[in-house]
1. Using the structure shown, select from LYS372/LYS414; LYS294/LYS321; LYS252/LYS291; LYS316/LYS353; LYS142/LYS360; LYS196/LYS331 the pairs with a Cα to Cα distance greater than 18 angstrom.
2. If you average the C-alpha positions of the stretch 254-302 and of the stretch 96-123 separately, how far apart do those two centres end up, in angstrom?
3. Can you give me the relative contact order of the stretch 185-332 as a percent, contacts being Cα pairs under 8 Å and 6 or more apart?
4. Determine the shape class of the stretch 17-166: with a ≥ b ≥ c the square roots of the Cα gyration tensor eigenvalues, call it rounded for a/c under 1.5, and otherwise prolate if a/b is greater than b/c, oblate otherwise.
5. Fewest Cβ neighbours within 10 Å first, please rank MET264, MET307 accordingly.
6. Which length gain, in nm to one decimal place, applies between LYS321 and LYS238 when the Cα-Cα distance is subtracted from 0.36 nm times their residue separation?
7. Name the residue farthest towards the positive end of the dipole of the stretch 350-439 from the options THR356, ALA399, GLN429, assuming +1 on Cβ of Lys and Arg, -1 on Cβ of Asp and Glu, about the Cα centre.
8. Past the 19 Å Cα-Cα mark, which pairs from LYS130/LYS202; LYS7/LYS167; LYS25/LYS151?
Amino acid sequence: MAKKFIKLNDNNEHLSLGNLFRIIKEQAKNRVSALQSELFCILFNLESINDTTVNNYCVGCRSIGTDYKQIFINRKKRYEKNKEEFLDTIIDIINILDGIIHTNITNKEEFINNSDSAYLLSKNLYHLAKNDNQVGIDFQNKLSLLIDNNKIYECLVEELIYIVLEKKQPLYEENLKMEVFEDVLNDTSISANSLKEYLSLKLREGINFDFTMRKLASNGNAYANFELGSDEYYGFVKGYPRYLEASKYLIKAAEMNHAGANYMLGNIYIRGLLGNKTDIELEKGYEYLKKSFKLGNIAASNLIGNMYYNGIHPLKKDITKAKKYYHIAEKANYVFAINNLGNIEEENKNYEKAFTYFLKSANLGESWACNKVGEYYRTGIIEKDMQKAFYYYNQALEANYRTLYHYAYYNLAKYFYLDGFEDIPKNEQKALEYLEIASENNILEATIELFIYYARIYKHTKDQEVYNYILILKDIIETHDNYNKNIKDKIETILKELKNKDEINVKLIEDLTK
């Protein structure tokens, strides 16, 4: 089967000759004048060129000829000695873009730097660079800095040099996939074939999946070992976590520099899920985290931040360093680090800055942050807006069950559905459903709210089944970690009044909900 090459002139994923010409044509005021052959001649200082040759180069089915590359190599060398080398080339491109011939230019570089057309072209090519997997981050940052400093001429020259001399072509789908694999695996000792083998199993295997995954793991496949370790960690194998079994698989993956495996092992030791948090074990966990962080794992950055924040051995408490690691993770939109930054600002009573962090995390879908933003809006810490509070409480419920923050169920029931609010109608059935969910997930306030609700029902009905359920709720409240004497005295008083009187002391109920 013939290799399928990737077209380099009809997408926004490659900083290529074809896409350069396409963008110039799209941007030009008179598209008829933006001919590929004319542009090619401008770039390479030629009188004429065969249209078929240029088309093959632009589509990307042929590499740019060595003769033409040599012309550009020579131009690049001259540019390094004399920055004026490409001035006329860029101005000729601007002429095509603007549809007019610019004359009487006294300072050509200044003219280019102040040209809206040149600026837009440089920005469009920069966006291609960001989308191109073959373009390094350092080069992307260089282009961005040149644009920010209004050095449009230099930026366009850098982009043109990359397009002609650096951009690989032709590109074939199979080769590109392997290059992506190799790039991801750059800092590991994992082969691209191992990743390909693992993905093939994940996408195609059927009834013998578990057996084949274990076989891959026993043969040293890092991804298979990581998956089996993760399954043991989360309790997917036996229905409960087995951290010792998880570590056996994870260590094999970690030895091959699997970033996630190193993070998970660090987490196991730092949290004391394996061992007793001895200094030696904490040091071991920190070493795994450092390795994971070096390999680019963002969760490791956040956890190292937590260690600095809490002063966990072998690190000393250092809020400045904690924030440094949180900010690294924040830049990658790691929501738990964003929450941590918000909490630090909140502790320092910088509520507006804290809210900015919480809102950023909430808008990335993090459940706890959604509830927190809802609380800010409901209580009016920055701005009181019950509609926004209702929206964010509901957004909190959209999270994955493993990260869902169940206080949002309580807040929706308590402040909206039990009594209704403005255009949000009262809905006792939904309120009770949400309170039950929150109570089942250890939200003491929800259990107390249910206790009060059914106490009021019993006051009117004297239904023994209702009273029995009240006693169940009482037991749940009494076994909660936050149960205290104040709650105990009020609940016992209410129970006595339920038995001995027709009325309940309303103030007691109000006090209990505070």
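1. Details: LYS372/LYS414 16 Å; LYS294/LYS321 16 Å; LYS252/LYS291 14 Å; LYS316/LYS353 26 Å; LYS142/LYS360 28 Å; LYS196/LYS331 30 Å.
Going by Cα-Cα distance, LYS316/LYS353; LYS142/LYS360; LYS196/LYS331 fall outside the 18 Å limit.
2. The distance from the Cα centre of the stretch 254-302 to that of the stretch 96-123 comes to 54 Å.
3. Values: 207 pairs, mean separation 22.1, N = 148.
Relative contact order of the stretch 185-332: 15 percent.
4. Details: a/c = 1.30, a/b = 1.09, b/c = 1.19.
It is rounded, given that a/c, with a ≥ b ≥ c, falls under 1.5.
5. Details: MET264 27, MET307 24.
Ranked by crowding around the Cβ, least crowded first: MET307, MET264.
6. Working: separation 83, 0.36 × 83 = 29.88 nm, distance 3.94 nm.
This chain segment gains 25.9 nm when fully extended.
7. Among THR356, ALA399, GLN429, the one farthest towards the positive end of the dipole of the stretch 350-439 is THR356.
8. On the way: LYS130/LYS202 30 Å; LYS7/LYS167 13 Å; LYS25/LYS151 23 Å.
Check vs 19 Å cut-off fails for LYS130/LYS202; LYS25/LYS151.
Computed from the coordinates by the stated procedures, all read-outs in this text should not be read as laboratory data. The structure displayed is predicted, hence computed values, not measured ones. Methodologically, a virtual Cβ is constructed for each residue, glycine included, from the backbone with ideal geometry; neighbour enumeration extends over all protein chains shown.
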